[in-house]
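Each reported figure results from applying straightforward, stated rules to the coordinates on display, with no laboratory input. Every value quoted in this text rests on a predicted model; they were computed, and no experiment measured them.
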Amino acid sequence: MKASSRKRYGIFRCRKCGGFNLAQLNFKTKTCPYCGARNSLSKVKFLAYASTWRAASEAVRRLKRLNK
Ligand SMILES: [Zn+2]
């Protein structure tokens, strides 16, 4: 049974440049906006998840602050 009709988002660091990326989990790949590398979502390590885009982008901001 599928419980999730809601979209989920994941935050990961680009495998090439380490930049924070936000991806929809039902997608297979995400092209990094910083370096243009295509990250396969089945291979990246997700740092955080969110159920809304807004929550996800706030999480990215938090992570960026922590990693400065
Ligand atoms: Zn990148």
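Among Ala50, Ala23, Ala37, the largest mean-square fluctuation in a Gaussian network model of the chain (Cα springs under 10 Å) belongs to Ala37. Calculated mean residue ellipticity at 222 nm for the chain: -6500 deg cm²/dmol, from DSSP H runs with n ≥ 4 weighted as -39500 (n - 2.57), summed, divided by the residue count and rounded to 500.
Proximity of backbone amide H atoms, modeled 1.01 Å from N, is registered between Arg15 and no other residue at under 5 Å, excluding neighbours fewer than 5 places apart on the same chain.
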